[in-house]
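Report on one structure; see the data block that follows.
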Amino acid sequence: MIRHALLDAPTDSVTTLVAVAKDDFDRWRDSQTTAVRTWLERIRFKNDVGTIAWLPVAADGPTRALVITSSDALTAVADLPYRLPEGDYQLESEFAGADLERAVLGWGLGAYRFNRYKKSERNPARLFAQQGIEPAIRQLDAIALVRDLINTPASDMLPSDLAAAAEALAAEFGGECNVTVGEALLERGLPMIHAVGRASVDEPRLIDMRWGDVEHPKVVLIGKGVCFDSGGLDIKGAANMRLMKKDMGGAAHALGLARLVMANALPVALRVLIPAVENAVAGNAFRPGDIIETRNGTTVEIENTDAEGRLVLCDALALACEESPALIVDFATLTGSARSALGTDLPAMFANDDALARGIEESGRAVGDLVWRLPLHQPYRKLLDSKAADMTNSASSPYAGAIVAALFLESFVATGTPWAHFDL
């Protein structure tokens, strides 16, 4: 896979990329030599965002290209890796500090391609900048891991493959990874993970990764790892099943964030829990109407086998709470309702702690990566009432699906444990 196309040192044949924000163009042009100003007039240069012009070269001087950018540092040069000819470029601009780091990050994001199964037609242009390369590479490696895992089809990303990816990540940073597989899930008290995944030819498993100093605050990341979701016996239609390789996107996010935590050596005792399953159809598949006891003893009546993500997460949440962590964050492609409410750009965020929620929201605004908090509206909890068990896994009402799913998960979070849930 093409991950970032960034250089940590300039090469001999580097082209200088002059990035000028549209609003600053007139001032920049007026500061240039007569030759440059005359050239821009001759080619009738228009300072529209994205416009590129090759500039006159002085004797023995570097090749230079002008590009007009937006004022948003992250997107300013993000489309250039494949718009510019192949080669090496160094950035000359008025970006500085955090803006320069964001511009470099944007370049790397634009350079990414998933080419495991199809050869890329060309290589991206490569960028060197005086600063911001190392922080950007750490972020880009984490983001590329998320993208690679999600883009890989289920034929090569079943629970065993996801476990192998987690084991490789732990080994890279000196962590440890233990995987509980198949019938051993029942012995360890993880019946829901077993029930949801037992119909697959690739056995269900719990991935349990640890890293860091145990004296540091305990942080647990949990990711929904449904590597393919047929819907189970409540089978999905073809159109809805087509993209279900992405149903392990929560696990991918948890592993990507774990990579970033470890790469930056943050002072936390990190634990990553991923229930990895395929929700398949077979004679031993769990059924609508089944009642299954979870790790913490709560009984759940299965209303719909296609609401399986919350089932595997509930065992992981209960397990995480047993060590009284300082923070739990879970990620899950849990409901279509969240996407219907907020679209594809805004992930829904739920939290049982207002200070935690404010911190996440403020951090998102600071870097232009917004989230939107939805309420844990307790009156909707009655929609999960069951006459035969402690609760059902899905409400019969079509409304507030993301909230109801979050309330289901909250039932397995210990009182007083700070928790945030992202419905991606």
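The values are calculated or read from the model by the stated rules, or taken from the named source; none is laboratory data. Given the structure is predicted, the values throughout are model-derived calculations rather than measurements. Please note: Cβ atoms are built from the backbone with ideal geometry, for glycine as well, and neighbour counts cover all protein chains shown. Areas reflect the complete protein model, heavy atoms only, side chains present, ligands, DNA and RNA absent. Shrake-Rupley method; radii C 1.70, N 1.55, O 1.52, S 1.80 Å.
For this structure, a couple of remarks:
- Residues that are more than 22 Å from residue 140 (Cβ to Cβ) and not aliphatic (A, V, I, L, M) were ranked within segment 237-275; the one that is most open to solvent (accessible area, probe 1.4 Å) is 242.
- Being touching a residue at least 60 places away in the same chain (Cβ under 8 Å), part of a loop (DSSP other than H, G, I, E, B) and on the phi < 0 side of the Ramachandran plot is a property that holds for residue 236.
- Within segment 281-335, if we keep just the residues that are in a helix (DSSP H, G or I) and within 22 Å of residue 236 (Cβ to Cβ), the residue that is most open to solvent (accessible area, probe 1.4 Å) turns out to be 310.
- Residue ID - surrounded by the fewest Cβ atoms within 10 Å (Cβ to Cβ), chosen from residues in segment 221-236 that are farther than 11 Å from residue 331 by Cα and among the aliphatic types (A, V, I, L, M): 235
- Segment 391-404, subset touching an Asp or Glu at 6+ places or on another chain (Cβ under 9 Å) and open to solvent by less than 90 Å² (accessible area, probe 1.4 Å), residue nearest to residue 374 (Cα to Cα): 402
- Within segment 87-110, residues that are under 22 Å from residue 1 (Cβ atoms) sit with their Cβ atoms under 8 Å from residues that are among the acidic types (Asp, Glu) and open to solvent by 20 Å² or more (accessible area, probe 1.4 Å), at 6+ positions apart or across chains, in these pairs: 110/79.
- Test: residue in segment 116-128 that is modelled with pLDDT under 90, assigned to a strand (DSSP E or B) and closer than 15 Å to residue 76 by Cα: no
- Residues that are over 35 Å from the mean Cα position of the chain (by Cα) and open to solvent by less than 20 Å² (accessible area, probe 1.4 Å) do occur in segment 49-71, at least one of them.
- Considering only residues in segment 154-184 that are assigned to a loop (DSSP other than H, G, I, E, B) and open to solvent by 40 Å² or more (accessible area, probe 1.4 Å), the one that is nearest to residue 249 (Cα to Cα) turns out to be 173.
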